[in-house]
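**Student:** Below are the structure tokens for one structure; questions will follow.
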Amino acid sequence: MSDSLPPEATGLLTVDLAALAANWKSLKKRAGGANCAAVVKADAYGVGLEQATQALAKAGAETFFVATFDEAARLRTLLPTVTIYLLNGLNAGSAESVCGIDVRPVLGSMEEIDEWEAHADASGEEAPAAIHIDTGMNRHGITLAEAEALAPRLVTEEITFTPTLVMSHLACADEPEHALNRVQIDAFSSIIKKFPGVPASLCNSAGLLAFPEAHFDLVRPGIALYGGRALNAGENPMQPVVKLEARIVTIRDAKAGTSVGYGARLHLRRDSRLAIISAGYADGIFRAAGSSDNKKGAEALVADIRCPLAGRISMDLIAIDITDVPPDQIRRGDLVTLIGDSISVDDLAGHARTIGYEVLTSLGRRWKRIYHE
Ligand SMILES: *Cc1c(COP(=O)(O)O)cnc(C)c1O
């Protein structure tokens, strides 16, 4: 593996764009009659907006969701004709710029709706936009009462902008048994009846997988595209997309009873061999994934053997206990695998008491990125 990496480079992030495309196609199939968008916010969950969206568009995706205006602008330059929704809505005073790049804001408050309407009125533009209705998350979206009051104005065509989507977002879809799912699905099913003719969308990845009855007209998967786990329980049906490998900068012997790393929180129980790799928390390998005398940490694959991270994770370096790896199978300069093969992004996340989403979006800029078509 080390041949694919220039000798100066320290870590390798390989993105499998074929797996990304295959994941989108398999989710589209699961969506049945509904359209399947692609959520590409946060630099396409850290894998790279440009590369990911080109691959997704080639696979057939026509509708994309981003979070911020900058992401929308980057995407618009890349894909001049696709539909782009701006999840975080309309920043005050930004209507003209948003319209200018042909992006549809997801309007999440009456203030945003009023501002978008005023812009549509003044400019005479069609001003397409999504209306986000909060069905139980208290985050983004107008209330059900506000939606009820707004709906008649839409039916009588009094509204000056063009609602192209009415949507909501599930708070607990990763736990399909959670009672709030049913509450939200029911509330959404009733409120959209007041918006006849406007396509409806409720499901993220987990909702798509767990609630076929709630796909409505458009599903909005994000994490599942990137191979991350959407549902807390059961098998993850998606193909992994990200592989993460880091370079061994040195291999050293260390005596039983001595400690490893900052804080001296891990003491070696036997004479050990340590591989020190050039990756750390500045590269998104969270400090919480380190180990101590009382806590097991994450693992890395070293010559195909699972080896524990030893001691605290530093900003730029991590120690790995490679005592169990035959010495002739590993040397300075080799790569070890932090994510990939039998270690999923969610395995690493779990050791840091977080979720795959946070690991992917935190990977940072120091990895040398390689894209496989
Ligand atoms: C991020 C996001 C999604 C995608 O969620 P995943 O869990 O990554 O599939 C869908 N809809 C909204 C409103 C989002 O914010």
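**Student:** So which residues in segment 189-202 are away from the ligand (no atom under 15 Å from the Cβ) and part of a loop (DSSP other than H, G, I, E, B), if there are any at all?
**Tutor:** Hits for segment 189-202 are 193, 194, 195, 196, 197, 198.
**Student:** State whether the residues of segment 203-212 include one that is within 14 Å of the ligand (Cβ to nearest atom), assigned to a loop (DSSP other than H, G, I, E, B) and within 18 Å of the chain's Cα centre (by Cα).
**Tutor:** Filtering segment 203-212 down to residues within 14 Å of the ligand (Cβ to nearest atom) leaves 203-211.
If we keep only those that are assigned to a loop (DSSP other than H, G, I, E, B) too, we end up with 203-204, 211.
Applying the additional criterion that residues be within 18 Å of the chain's Cα centre (by Cα) yields 203-204.
Within segment 203-212, one or more residues are within 14 Å of the ligand (Cβ to nearest atom), assigned to a loop (DSSP other than H, G, I, E, B) and within 18 Å of the chain's Cα centre (by Cα).
**Student:** State which residue pairs qualify: first residue surrounded by 16 or more Cβ atoms within 10 Å (Cβ to Cβ) and inside segment 346-373, second residue among the hydroxyl-bearing types (Ser, Thr, Tyr) in any location, beta carbons under 7 Å apart, and separation of 6 or more residues or different chains.
**Tutor:** 357/45; 360/45; 360/226; 361/45; 366/10
**Student:** Can I ask one more? May I ask you to verify whether residue 65 is of a type in the set (Phe, Trp, Tyr), crowded, with 17+ Cβ neighbours inside 10 Å and touching a residue at least 40 places away in the same chain (Cβ under 8 Å)?
**Tutor:** In short, yes.
**Student:** Regarding residue 113, is this residue within 15 Å of the ligand (Cβ to nearest atom) and of a type in the set (Val, Ile, Thr)?
**Tutor:** Taking the combined requirement at face value, the residue does not satisfy it.
**Student:** Just name the residue that is nearest to the ligand (Cβ to nearest atom) out of those in segment 155-172 that are under 34 Å from the mean Cα position of the chain (by Cα) and not in a loop (DSSP other than H, G, I, E, B).
**Tutor:** 167
**Student:** Here's something else I'd like to know. Between 18, 55, 44, 38, which is surrounded by fewer than 17 Cβ atoms within 10 Å (Cβ to Cβ) and closer than 17 Å to residue 240 by Cα? Full working, then the answer.
**Tutor:** Working: 55 fails: surrounded by fewer than 17 Cβ atoms within 10 Å (Cβ to Cβ); 44 fails: surrounded by fewer than 17 Cβ atoms within 10 Å (Cβ to Cβ); 38 fails: surrounded by fewer than 17 Cβ atoms within 10 Å (Cβ to Cβ).
On inspection, the qualifying residue turns out to be 18.
**Student:** Mind checking which residues of segment 219-246 are farther than 17 Å from residue 29 by Cα, in a loop (DSSP other than H, G, I, E, B) and away from the ligand (no atom under 14 Å from the Cβ)?
**Tutor:** Listed by number, the residues that qualify are 233, 234, 235, 240.
**Student:** Being within 14 Å of the ligand (Cβ to nearest atom), in contact (Cβ under 8 Å) with a residue 60 or more places away in the chain and under 25 Å from residue 363 (Cα atoms): is that true of residue 38 here?
**Tutor:** Spelling it out, residue 38 is indeed within 14 Å of the ligand (Cβ to nearest atom), in contact (Cβ under 8 Å) with a residue 60 or more places away in the chain and under 25 Å from residue 363 (Cα atoms).
**Student:** Find all pairs meeting these conditions: Cβ atoms under 9 angstrom apart; at least six residues apart or on different chains; first residue within segment 93-112 and at positive phi; second residue assigned to a helix (DSSP H, G or I) and among the charged types (D, E, K, R).
**Tutor:** 93/115; 102/76
**Student:** Could you tell me whether any residue of segment 287-295 is of a type in the set (Asp, Glu), without any contact (Cβ under 8 Å) to a residue 60 or more places away in the chain and assigned to a strand (DSSP E or B)? Full working, then the answer.
**Tutor:** Kept after step one, since they are of a type in the set (Asp, Glu), are these residues of segment 287-295: 293.
Now restrict to residues that are without any contact (Cβ under 8 Å) to a residue 60 or more places away in the chain: 293.
From the residues that got through so far, the ones that are assigned to a strand (DSSP E or B) too are none.
No; the residues of segment 287-295 include none that is of a type in the set (Asp, Glu), without any contact (Cβ under 8 Å) to a residue 60 or more places away in the chain and assigned to a strand (DSSP E or B).
Here, each number is a calculation from the coordinates, and none is a lab measurement. Quick caveat, the model's predicted, so the values are computed rather than measured. When we count neighbours, we look across all protein chains shown, and the Cβ atoms used for this are built from the backbone with ideal geometry, even at glycine.
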